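Down below is the structure, laid out as structure tokens.
The values are calculated or read from the model by the stated rules, or taken from the named source; none is laboratory data. Just so you know, these numbers come straight off a predicted model, no measurement behind them. For neighbour counting, all protein chains shown are included, and Cβ atoms are generated from backbone atoms with ideal geometry for every residue, glycine included. Each accessible area value is taken on the protein alone, full model and side chains, heavy atoms only, with ligands, DNA and RNA left out. Shrake-Rupley method; radii C 1.70, N 1.55, O 1.52, S 1.80 Å.
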Amino acid sequence: MANFTLDDVRQRTYKARDAWWTVLLVDPLASRLVKLTANRTRVTPNQLTVGALVLGLAAGACFAVASWPWLLAGALLYHLSFTLDCMDGKIARLKGTGSVFGAWLDYIFDRVRVLACAIALMGGQYHATGNEAYIWTALAVVFLDMLRYMDALEIYKIRSQMRDTLTAARAEAHSLEAAAQRADGHVDEDLRSAEGAFADDPEADMEDRVVGDDPANAALQSGFYRRFPWYIRVRNVLMAGRIRPHLFSGIEFQMGVFIVAPIAAAAISGAIIPVVAASAAGLLTFELIIIYKFWLAARDYSRNLTKLNTKINEYRTQTPDHP
């Protein structure tokens, strides 16, 4: 059997920045369960992923009953389901047993859990009250969940493409610059400015970095921070506690819908729709901020790629024999 310590779990599996719900309400329990599971069992990440789905479906079954004790039970099961869902990635990082199929399975099962629980929770309330607003609320929950994750995947893909393009342009510019230096010994400071202006965004890159990694090479997303310099202070305070500044992500949205709303409804009849509406407003607000930041980054990319290409063309003119 392995002999991982709790510090091993934290250093190797905690993301350098994560959702506040995960940091404050999931990681303290999940890390201890991961230590026990990794040291005492042969449970695999994929088995944990399946277990998370089973608990999620059990939560949906509780939601469908609609009475207050079952709403509370469903909220508890959903939280435990999410805890297992966090554990599968931690076990994979700790033991180095992650796989492409496991990542796909985790993503698909997450979406199935949200769909099943949305239908069960709102369907149960519709059956109990006859209020058709619960049907529209279920559709809104599923739509917003899919919108959030599709948008995140698309932005990640495009940012990766932008960085690859800039990397290729920088490499070509450096090669041509070296040829120009051999010709006249001149170093072009405009090129230095162009290649440094579009740096990696720590708020995107730290999602896949764990606590034990060295984040010193991350730079700020210049466009957004130039406009909102106060945000840097807020970001630094939150990140000191591993909490990402994106305070209402898909995780908080799910927890608002499937944990906070059922608990509120168990205490106050009819509370589900207002809580879901508030959760949706929080999600959409922060999604708009992400889109705005992405728009600024895309403008920086276009400007600096143009600057690099201009310099490349100038160097080609100066060094016509360079391949």
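Using a 1.4 Å probe on the protein heavy atoms, what percent of the accessible area of region 1-144 belongs to carbon and sulfur?
The computed percentage sits at 68.
How long is the gain from Leu139 to Ala2 if the chain were fully straight, where each residue apart is worth 0.36 nm and the alpha carbon distance is subtracted? Don't skip to the end; give the middle numbers.
Details: separation 137, 0.36 × 137 = 49.32 nm, distance 4.54 nm.
Taking 0.36 nm per residue and subtracting the Cα distance, the gain is 44.8 nm.
I need two numbers for region 1-115: Rg to one decimal and Dmax as a whole number, Cα atoms only, in Å.
14.5, 45
Between Ser269 and Ala58, 0.36 nm times their residue separation minus their Cα-Cα distance comes to what?
Length gained between Ser269 and Ala58: 73.7 nm.
Which one of Asn304, Met255, Ala271 has its Cα pushed farthest toward the positive end of the charge dipole of region 252-313, where Lys and Arg give +1 and Asp and Glu give -1 at the Cβ?
The one lying farthest along the dipole's positive direction is Asn304.
Determine the order of Thr13, Thr167 by accessible area, beginning with the largest, at a probe radius of 1.4 Å.
Thr167, Thr13
So for region 55-182, Kirkwood radius off the Cα pairs, Stokes-Einstein at 10 °C and 1.306 mPa s: how many µm² s⁻¹? Before the final figure, lay out each step's value.
Numbers: Rh = 18.0 Å.
Once the numbers are plugged in, D ends up at 88 µm²/s.
Rank Ser31, Ser269 by accessible area, highest first, at a 1.4 Å probe radius?
Ser269, Ser31
Can you sort Arg170, Arg93, Arg233 by 1.4 Å-probe accessible area, starting with the largest?
Listed by decreasing accessible area, they come as Arg233, Arg93, Arg170.
Return the long-range amide H neighbours of Asp18 (sequence gap of 5 or more, or a different chain), with a cut-off of under 5 Å between placed amide H atoms.
For Asp18, the qualifying residues are Ile243, Arg244.
Could you sort 307-317, 51-61 so that the peptide with the highest average Cβ count within 10 Å comes first and the rest follow in order?
Going from most to least packed, we get 51-61, 307-317.
What accessible area, in Å² to the nearest ten, does a 1.4 Å probe give for Tyr14?
Tyr14 has an accessible surface of roughly 20 Å² with all protein chains in place.
Give me the distance between the Cα centres of region 245-323 and region 85-163, rounded to whole Å.
17
Please report, in debye to the nearest 20, how large the charge dipole of region 1-159 is about its Cα centre when each Lys and Arg carries +1 at its beta carbon and each Asp and Glu carries -1 there.
Dipole about the Cα centre, nearest 20: 640 debye.
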